Amino acid sequence: MAAQPHEIVVTGVGVVSPVGVGAEAFWNAVVSGTAGTHELTLFDTSGYHTHRAGEVKGWEGETDRGESLSRSESFALAATGMALHDAGLLPGLESAHDPKRVGVCFGMAAGNRPAIERPLRSRGGWSGPARTAHDPTRISRLVARAHGLDGPNLMMLTACAAGNSAVGHGMELIRAGRADAMVVGGAEELSETLFMMFNRFRALAPERVQPFDRDRRGLMLAEGAGVLVLESGHLAKARRAGVYGRVAGYGNLPDAHDMTAPHPGGHGIARSMRAALAMAGVEPADLDYICAHGTGTPTNDAAEAVAIREVLGPAADDVPVSSIKSMLGHSLGAAGAIESVACLLAMRDGMIPPNMHLDNQDPRCEIRVAANRPLARRMDVVLNNSFGFGGNNSCVVFTAREPSR
Amino acid sequence: MGRAVITGLGALTAAGIGRARLLEGDEPAARPRSFAPCPGFEPVDGVYAASLPTLPVETLLPARGTRALSDEGRAGLCAAVLACREAGLPVPTERPRPLAGEPGTGVALGTTRASLDEYARLFTEGVALGPELVPPARGPRAGYNTPASELSIMLGATGPHLTVCSGAASAGEAIATAAHLVGQGGRATAMLAGGIDLLSYTAVLAERMLHPEFGTIPEARPFDRDRTGGLPGEAAVIMVLEGSASSRPGAACLAEVAGAGTAFTSADNDAGSVDAACRAIAEALLGAGADAAEVDAVIASASGSPGRDRTEAEALYAMFGDRPPVCSVNGRVGDCAGAGTAVQVALAVAALEAQRLPATGGLRVADPALPDIRLTRAEAARPLRLVLTLTVAGGGHAAAILLSRPR
């Protein structure tokens, strides 16, 4: 199949997650319904109502020129290495692309900021990652410096929608001719400040995450990184790169409603979904799978379900929806990128990951949830939803390189 | 890049309220400043900074719904309301009401520090008081996205929405993206674009961990032989960008964003930074279909930093030689971090309107070790048609925005 004009393809993926490090380990765990949320060990939770999160256990971390890195920086570097290797660009990036035409775009919510918590607690000792935790560009710069990437370099700071924002923005930069390839993704580390905030809001689930369940009690915070290598289709074809799929559409329209609560009618979500589908040139009924934001909070899941029903209409009865946050927890600015990888691997294997812990579907969530076990299905068009505080919404459409219909 | 025009601009800087204030005076605006500490911490006093004036909140903002805003959000909203009023866009007196129909007015902001202080206070108050006594309003204000989200909520801006960071070039990235969105296929009816960065207790504490001289230098001297460092600044600058094809009644074009370029180097050296700055300029010129010889003046980002000023001078000389006049007002308004490019664009618009360039405030003796660029010494009238802003950031980022007089 000939490459299309402005075709942007994904040629490599990498993941660091609470259920597995490496895209295949992550994917095998997700498809088998493995939960990565456990008792937190990174900080003392005895003063809080809840004690569990999606922690990347046993992480050794990395250093940069002898300096220790924050966990999010380290996750980002590791996942990028995996993605570039998977794309066949490590080694060999310089022979495939002009490094000045290869950029980096990452999303984060708090990102490396939690590294200031240690000196703030101890009232001193600003050493190691704390010294640079006020600089949000650390992640994109470290990734670029590690691989000599001199193309566009920026961070998307759109709260929990940031991972998807990075994927969408990276695609837009290639489409606009500003880059030939982009390393895009999201990285996040567990933040006690945000744990404190969500505890204060009573928004954290104590035992398990149950997206779209009638009795869902909230989200669980998590950490990790997801990275995708995006390339201009004709350049990927010229170097005979393996292709996971296309990034075909992106919508980032806000709720403009409230700093914490989503619009109850899902207006911004629905508009973002429609914008992404329109850019991709596909109809809502063409969707084969929706990877939901599905945090497990009462308000978010309800708003997302309303929006899906509004956009898909009767097709919402047929299009499977699942949230892998039921297993991973919510890794905030990394979530959209990790879930983007899940979308691509789902298309590759024809396997929809399960929405775990769904005991009784909330009757207000009138969607077809792929509950508790994976669902085999050939997929050509999938939609990834990510939303965040302040009404940030980012929706990305992936399509198969070789459509079946 | 499609054509985008600026139809309104609100600028809050240490020079005052409004872009015209950026053209006036040449004296450094540094004043020693104190910051209220986080619980359990020592105050920080005597920080030399170029600070915002008192915001005209009562005259600009709706009475309801603004008290809970973050400091950055309140400053950004003041700037946005000024910009909307100038552009003739309706400003809701009570929140929220959509600014325009589909695809809507969007928000693109650059920042490096947004909500850092809220994040630190949320944590330290939680540690000091216990998690249950943390004021719940702090939580939503603790994210980088807070100012942009507060703008969209308060103004009913439902178009494309993003907060970006590329260091001191952040606002340049935001403006370039916004110009693309309004200029290409009408992805947005209009965009509120710019940058917001304020100084805070935590920002000073954190900056001093890497740069102990932060806020200790009373006079910043851009491009000067005796420069020793920059003056911390703060700003909120928002502009209304619309497609040039727009013929909205009441819309007056202040300036056209003729071209925009951003670039980055992964090389941690001067040569790499000069190259990135040159690439950003080249991209802006290419987008405008303009030649370097057509640029009438450059608004530089030089703030008195020995290294960054040198990088910028070398890039400007490489691209333009000693021809166009170059000025910087960062000696007066300070280094405004992620809002820096937006401040420069505001000055460029003011310069195009007034056909005048300001003095390079704080410059006494041009550094003879720098390339021989043509630095402005005093405010002077000049014929200006194309003005370039160049922002060189410390981490390898650069942004260039080329502005032209309205056609």
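Quick note: the coordinates plus some simple rules give every number you see, no bench work behind them. All values derive from a computational prediction rather than experimental measurement. Cβ coordinates were reconstructed from backbone atoms using ideal geometry, including for glycine residues, and neighbour counts include every protein chain displayed.
Annotations for the structure displayed:
- Cα-based convex hull volume of segment B:4-404 per residue, rounded to whole Å³: 126
- Gain upon complete extension [B:Asp268, B:Ala381; 0.36 nm per residue less C-alpha separation]: 36.8 nm
- Straight-distance crosslink candidates among lysines, where the alpha carbon sits under 22 Å from A:Lys57 and sequence neighbours closer than 8 are dropped: A:Lys325
- Sequence-distant lysines (8 or more away, or on other chains) whose Cα lies within less than 25 Å of A:Lys237: A:Lys100
- Antiparallel bridge percentage (DSSP; both residues within segment A:249-399; nearest 5): 60
- C-alpha center-to-center spacing [segment B:216-233, segment B:325-390] in angstrom: 15
- Distance from the alpha carbon centroid of segment B:275-321 to that of segment A:253-331 works out to 44 angstrom.
- Of all DSSP-defined beta bridges confined to the protein assembly as shown, some 65% are antiparallel rather than parallel.
- Under the simplified labelling scheme, the B:Ala137-A:Glu60 pair shows an inter-label distance of 4.9 nm, with each label point 7 Å from Cα along Cα→Cβ.
- Summed residue charge, Cβ within 13 Å of B:Arg3's Cβ, Lys/Arg positive, Asp/Glu negative: -1
- About its Cα centre, the dipole of segment A:270-326 is roughly 260 debye, where the only charges are +1 on Lys and Arg Cβ and -1 on Asp and Glu Cβ.
- Estimated distance in nm for a label pair at A:His85 and A:Arg131, the labels positioned 7 Å out from Cα along Cα-to-Cβ: 2.9
- Pairwise centroid distance, computed over Cα atoms, of segment A:143-180 with segment B:131-193, Å: 17
- Subtracting the Cα-Cα distance of A:Ala376 and A:Ser68 from 0.36 nm times their residue separation leaves 106.6 nm of extension gain.
- Along the axis of the charge dipole computed for the protein assembly as shown (Cβ charges of +1 for Lys and Arg, -1 for Asp and Glu, origin at the Cα centre), the listed residues A:Gly294, B:Leu370, A:Leu89 are led at the positive end by A:Gly294.
- Relative contact order of segment A:8-238, defined on C-alpha pairs under 8 angstrom at six or more residues apart (%): 30
- Cβ charges +1 (Lys, Arg) and -1 (Asp, Glu), total dipole of segment A:191-272, debye: 380
- Positive-end ranking of B:Gly65, B:Ala168, B:Gly110 along the dipole of segment B:4-404, with charges on Cβ about the Cα centre, is headed by B:Gly65.
- Size of charge dipole - segment A:159-307 - debye, nearest 20, with Cβ of Lys, Arg +1 and Asp, Glu -1, no other charges: 320
- For segment A:237-250, putting each phi into the Karplus relation 6.51 cos²θ - 1.76 cosθ + 1.60 with θ = phi - 60° gives couplings of 5, 4, 9, 6, 6, x, 10, 7, x, 9, 8, 10, x, 8 Hz, in residue order, rounded to whole numbers and with x for Gly and Pro.
- Calculated from backbone phi, Karplus (6.51, -1.76, 1.60) coupling profile of segment A:293-310 in Hz, x at Gly/Pro: 5, x, 6, x, 8, x, 6, 5, 5, 5, 5, 5, 5, 4, 5, 4, 4, 5
- Calculated P(r) of the protein assembly as shown - Cα pairs past 51 Å, %: 8
- Site pair B:Asp45 and A:Arg123 shows an inter-label distance of 1.8 nm when each label is modelled 7 Å from Cα along Cα→Cβ.
- Segment A:His49-A:Arg214, extension gain: residue separation times 0.36 nm, minus the distance between their alpha carbons: 57.3 nm
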